[in-house]
Every structure is written in structure tokens, then in C-alpha cells.
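K.L.:
One structure is given below, represented as C-alpha cells, and several questions about it will come after.
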Amino acid sequence: MTNNRPTTTSHATTGPDTADERGQRVGKAGATHTENAAQARPRRPRTIRRSTTLRAAAGEFLRHPSPWMIAAIFVTALVARFAVGGWQLTDALIPLAILAAFPIVEWVIHVTVLHWRPRHLGPVTLDSELARKHREHHVDPREIPLIFIPPKSLTLTILALVAIALLAFPRASLGLTFLLTITTLGLLYEWTHYLIHTDYKPRHAPYRAIWRNHRHHHYKNEHYWFTVTTSGTADRLLGTAPDPATTPTSPTARNLHAD
């Protein structure tokens, strides 16, 4: 990062702050935590935002490896699925089941994997790349490369999903349907998460709700609003969708586990 900490200056160069962004920077404790965390990380060039339209946002999106990696698996699974054939009712049931479970799965991964608090087992530190990169993402939510799933972690995830598709289903066709569904949702997740962190402004109510939900998580309080691709689903079910107006602004939203 070029700056030593996420300051008002970085936001001024890329568009006006939201109310959450302004409120999150209030308080000396929060500023101190953020400054210490940012100083502990190596500097990296800051990307100046120019993505104000969907077309411009899509152009930037396609410059990063994770969408291409996921898309490659999607196309491979799609070709293989049509080659195998044998379509049955269960090919419709699997996507429906995955779609129903996805908000909860997304919530669980966000809470238990991305917000993992580093632990020490003797001289060994238990801390995944996903958790480390996600902490950096909270320090600077506008740093574009940190928005995407890291390629190394994504490669391991893809290998695990392919193994599940090949070994966990009674028919290869069902495994391929599973893989098609998961990669579709993976692309949706990457695109939605990326778009939320650009300067593209919501124009329709459904996306505006998702956009606001995730912005609250980053700039209001990191202990709530864990879903990314939906709003009012798993968060409401699991008690992490409070009224933002009565929820205190967290001093550690930009510095996870600093408390």
C-alpha cells in the first residue's frame, strides 16, 4: 500500500464517503488500531478507482485471475456434463438444494474461516492465507486485489470441489451438476463482492440491499452482516442483522481482532 493507513485522503481521490465510512473513522481508539495494523503491512501501490459504470467495472474484474480460474472449471464441467448426458430430476434438485443452503454456507465460511483469529500451537501459528488476506481486506476495503479470492487458496478449493464432484456422488453426471452449480455461485460471489467495493452505485433495490449490507460489515461493525451475495437471509436467521441505526460503530472494523 502507498499510504500507511486507510485515511480520508484515499477515499477523497475515488469518490465521496458513505455515512458508514465517515462514522467508522470516528474515535481515537479505532484510528489507533487501524494505524498500527496498516503500518505492520508492506506498502503496495494503491489502485486509483475509475470504475463508475458496469462496463468499466467488468473490464477491471476480468484483469484478475480468480474469475478466469472459476470460469475455466465452469466451462470444463459444462462441456463434460453435456457429453455425459443422462439428465434426471436429481439434476434439478441439486442446484435447488445448494441455492437454499448457500447463504448459510457463505455465513459460516465468513465467520469461521475469513474471520479466523490466529492461534498458536507451540511454535506453530494456525492462520490460513484466506484469513490473513481477509484481515488485510478489512484494513483497506478499497484495495482491489484484496477483494478477490487468493489464487493459491482458490486452487486448493477447486481441487477439493473436483474431488467431491468425482467421489461423493453415485453418478458422474450428478457430480458435474454439483460442480456447475458451485462454479456459477463462485462467479456470482466474486462479481458481487468486487462490485460492492467499486464506485459503482446501486440502481435497483435488490442490489442496493446487498450493497448496504456488506458496507455495514466493513464500515459499521465487523461482527454483523456476514452474507455477501444476499441480504436478510442467513444474517437474519442467525442473529447478525441488527438495526444499523442502533448498532455501535466498531473501532476494530478496519483492524480485525485488535480488541
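The values are calculated or read from the model by the stated rules, or taken from the named source; none is laboratory data. Computed from a predicted model, the values in this text were never measured in an experiment. Neighbour counts run over all protein chains shown; Cβ positions are idealised from the backbone, glycine included. We work out accessible area using only protein heavy atoms, side chains counted, and drop any ligands, DNA or RNA first. Shrake-Rupley method; radii C 1.70, N 1.55, O 1.52, S 1.80 Å.
K.L.:
Quick one: order Arg135, Arg117, Arg203 from most to least accessible surface, probe 1.4 Å.
P.N.:
Of Arg135, Arg117, Arg203, the descending order of accessible area is Arg203, Arg117, Arg135.
K.L.:
Shifting gears a bit: Report the local net charge at Thr112: Lys and Arg +1, Asp and Glu -1, summed over other residues whose C-beta lies under 13 Å from its C-beta.
P.N.:
+1
K.L.:
Distance in nm between label sites at Leu238 and Arg117, each 7 Å beyond Cα in the beta-carbon direction?
P.N.:
Simple spin-label model gives 1.7 nm for this pair.
K.L.:
In square angstrom, what is the accessible area per residue of the range 198-243 with a 1.4 angstrom probe?
P.N.:
Value returned for the range 198-243: 44 Å² of accessible area per residue.
K.L.:
Please report the accessible area of Phe169 (heavy atoms, 1.4 Å probe, ligands and nucleic acids excluded) in Å², nearest 10.
P.N.:
50 Å²
K.L.:
Solvent-accessible area of Lys133, probe 1.4 Å, all protein chains present, reported in Å² to the nearest ten, please.
P.N.:
Here the accessible area works out near 70 Å².
K.L.:
Distance between the C-alpha centers of the range 76-106 and the range 107-138? Whole Å please.
P.N.:
So the separation of the two Cα centres works out to 30 Å.
K.L.:
Here's a follow-up. Per-residue counts of other Cβ atoms within 10 Å, averaged by peptide: what ranking do you get for 76-85, 60-69, highest first?
P.N.:
60-69, 76-85
K.L.:
Any idea of Asp127's accessible area? Nearest 10 Å², probe 1.4 Å.
P.N.:
Asp127 has an accessible surface of roughly 40 Å² with all protein chains in place.
K.L.:
Shape verdict for the range 117-232, please, from the Cα gyration tensor: rounded (a/c under 1.5), prolate (a/b greater than b/c) or oblate.
P.N.:
The shape class here is oblate.
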